[in-house]
Amino acid sequence: MLDTLTVCPVDGCDWRMLESEIQFEADRSFGPTLEDAINAMARGRASALERHIRAHLATHDLTDFVRTIRRLEQDLYNAGPTGIRPHAVEQQPTTP
(Lines give C-alpha, C1' and ligand atoms only; values in the text may rest on other atoms or scores of the structure.)
Protein backbone atom coordinates (compact mmCIF):
# COMPACT_ATOMS: atom_id res chain seq x y z
CA MET A 1 0.00 0.00 0.00
CA LEU A 2 1.26 3.45 -0.86
CA ASP A 3 1.67 5.94 1.95
CA THR A 4 0.51 9.45 1.13
CA LEU A 5 2.64 12.33 2.38
CA THR A 6 0.81 15.58 3.00
CA VAL A 7 2.83 18.78 3.34
CA CYS A 8 1.76 22.24 4.42
CA PRO A 9 1.47 24.66 1.48
CA VAL A 10 2.50 27.68 3.59
CA ASP A 11 5.99 29.04 2.88
CA GLY A 12 8.44 28.32 5.67
CA CYS A 13 6.31 25.63 7.31
CA ASP A 14 7.94 22.22 7.59
CA TRP A 15 4.82 20.34 8.77
CA ARG A 16 4.44 16.95 7.16
CA MET A 17 2.03 14.10 7.79
CA LEU A 18 2.17 10.52 6.58
CA GLU A 19 -1.22 8.94 6.08
CA SER A 20 -0.02 5.80 7.86
CA GLU A 21 0.49 7.84 11.07
CA ILE A 22 -3.22 8.67 11.31
CA GLN A 23 -5.51 6.42 13.31
CA PHE A 24 -9.02 6.24 11.93
CA GLU A 25 -12.18 4.29 12.47
CA ALA A 26 -14.38 3.07 9.67
CA ASP A 27 -17.93 4.30 9.49
CA ARG A 28 -19.89 1.41 11.03
CA SER A 29 -23.11 2.22 9.19
CA PHE A 30 -22.41 0.31 6.00
CA GLY A 31 -24.53 -2.14 4.07
CA PRO A 32 -24.03 -5.86 3.54
CA THR A 33 -21.68 -5.75 0.55
CA LEU A 34 -17.90 -5.61 0.41
CA GLU A 35 -18.16 -2.41 -1.62
CA ASP A 36 -20.16 -0.82 1.22
CA ALA A 37 -17.48 -1.80 3.75
CA ILE A 38 -14.68 -0.43 1.56
CA ASN A 39 -16.55 2.82 1.05
CA ALA A 40 -17.09 3.12 4.81
CA MET A 41 -13.37 2.66 5.43
CA ALA A 42 -12.53 5.28 2.81
CA ARG A 43 -14.96 7.75 4.38
CA GLY A 44 -13.45 7.14 7.81
CA ARG A 45 -9.92 7.64 6.53
CA ALA A 46 -10.81 10.77 4.58
CA SER A 47 -12.56 12.24 7.61
CA ALA A 48 -9.55 11.59 9.88
CA LEU A 49 -7.12 13.08 7.35
CA GLU A 50 -9.28 16.16 6.89
CA ARG A 51 -9.49 16.67 10.67
CA HIS A 52 -5.69 16.56 11.02
CA ILE A 53 -5.06 18.85 8.05
CA ARG A 54 -7.65 21.39 9.23
CA ALA A 55 -6.17 21.35 12.74
CA HIS A 56 -2.73 22.14 11.35
CA LEU A 57 -3.92 24.84 8.93
CA ALA A 58 -5.70 26.54 11.84
CA THR A 59 -2.26 27.16 13.40
CA HIS A 60 -1.48 29.64 10.60
CA ASP A 61 -2.97 33.09 10.44
CA LEU A 62 -4.24 34.84 7.32
CA THR A 63 -0.97 36.69 6.72
CA ASP A 64 0.87 33.36 6.31
CA PHE A 65 -1.46 32.38 3.48
CA VAL A 66 -1.38 35.84 1.87
CA ARG A 67 2.43 35.87 1.96
CA THR A 68 2.57 32.49 0.22
CA ILE A 69 0.01 33.54 -2.41
CA ARG A 70 1.93 36.76 -3.12
CA ARG A 71 5.16 34.79 -3.57
CA LEU A 72 3.43 32.39 -5.96
CA GLU A 73 2.01 35.33 -7.95
CA GLN A 74 5.51 36.80 -8.21
CA ASP A 75 6.93 33.45 -9.36
CA LEU A 76 4.31 33.24 -12.11
CA TYR A 77 4.98 36.83 -13.17
CA ASN A 78 8.73 36.18 -13.30
CA ALA A 79 8.20 33.03 -15.38
CA GLY A 80 6.82 35.12 -18.20
CA PRO A 81 4.13 34.16 -20.71
CA THR A 82 5.12 30.49 -20.82
CA GLY A 83 4.31 30.03 -17.12
CA ILE A 84 5.77 27.40 -14.84
CA ARG A 85 5.36 23.87 -16.11
CA PRO A 86 7.76 21.57 -14.24
CA HIS A 87 5.89 18.46 -15.40
CA ALA A 88 6.74 19.33 -18.99
CA VAL A 89 10.46 19.33 -18.22
CA GLU A 90 10.78 16.23 -16.05
CA GLN A 91 10.90 13.42 -18.59
CA GLN A 92 10.96 14.34 -22.22
CA PRO A 93 11.33 11.47 -24.70
CA THR A 94 14.60 11.59 -26.55
CA THR A 95 14.97 10.74 -30.21
CA PRO A 96 17.99 8.70 -31.32
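The values are calculated or read from the model by the stated rules, or taken from the named source; none is laboratory data. Since we're looking at a predicted model, the values are computed, not measured. Please note: Cβ atoms are built from the backbone with ideal geometry, for glycine as well, and neighbour counts cover all protein chains shown.
Being among the small types (Gly, Ala, Ser), out of contact with any Lys or Arg (no Cβ under 6 Å at 6 or more places or on another chain) and surrounded by 15 or more Cβ atoms within 10 Å (Cβ to Cβ) holds for only one residue in 46, 40, 55, and it is 40. When residue 68 is tested against (1) among the β-branched types (Val, Ile, Thr); (2) surrounded by 13 or more Cβ atoms within 10 Å (Cβ to Cβ); (3) at pLDDT below 90, just one condition goes unmet, and that condition is (3). Within the stretch 25-34, identify whether any single residue is assigned to a helix (DSSP H, G or I) and surrounded by 13 or more Cβ atoms within 10 Å (Cβ to Cβ), and answer yes or no. The answer is no, given that none of the residues of the stretch 25-34 is assigned to a helix (DSSP H, G or I) and surrounded by 13 or more Cβ atoms within 10 Å (Cβ to Cβ).
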